[in-house]
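Colleague: Once you've had a glance at the structure underneath, I'll fire off some questions.
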Amino acid sequence: METKKLHESQETVLPFNDYDDGSYGEFTVNVEVNNEFIGRILQMGNGLEIVSPKEVRDIFRERVVNMAKLYE
């Protein structure tokens, strides 16, 4: 994510590294939540998690749940 940024507003909060609770990194972006943004995040696969804000996290939860229902 650092070499191929998601958006020009992307800033690193925690560089990717091994921490006591796992291997991860954290970054922020200031974007409008629209279908393009949602698609860009979803194409990253299950290795990327939205942690905040809760409203955006809920949008992704709903999308993923609805997608999973298609394969039941």
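Colleague: Looking at the range 16-27, can you tell me whether even one residue there is modelled with pLDDT of 95 or more, more than 14 Å from the chain's Cα centre (by Cα) and surrounded by 10 or more Cβ atoms within 10 Å (Cβ to Cβ)?
Modeller: The answer is yes; a qualifying residue exists.
Colleague: Sort through Ser23, Ser9, Ser52 and tell me the only one that's in a strand (DSSP E or B) and small (Gly, Ala, Ser).
Modeller: Ser23
Colleague: While we're on this one: Restricting the first residue to the range 16-31 and requiring it to be free of Cβ contacts under 8 Å to residues at least 60 places away in the same chain, which pairs with a second residue that is of a type in the set (Gly, Ala, Ser) and surrounded by 10 or more Cβ atoms within 10 Å (Cβ to Cβ) meet a Cβ separation below 8 Å and a spacing of at least six or different chains?
Modeller: The qualifying pairs are Phe16/Gly25; Asn17/Gly25; Thr28/Ser9; Val29/Ser9; Asn30/Ser9; Val31/Ser9.
Colleague: A follow-up question, please. Filter the range 29-49 down to the residues that are surrounded by 13 or more Cβ atoms within 10 Å (Cβ to Cβ) and not in a loop (DSSP other than H, G, I, E, B) and list them by number.
Modeller: Phe37, Ile38, Arg40, Ile41, Leu42
The values are calculated or read from the model by the stated rules, or taken from the named source; none is laboratory data. The model shown is predicted, which means the values in this text are computed figures rather than measured ones. As a convention, Cβ positions derive from the backbone with ideal geometry for all residues, glycine included, and neighbour counts pool all protein chains shown.
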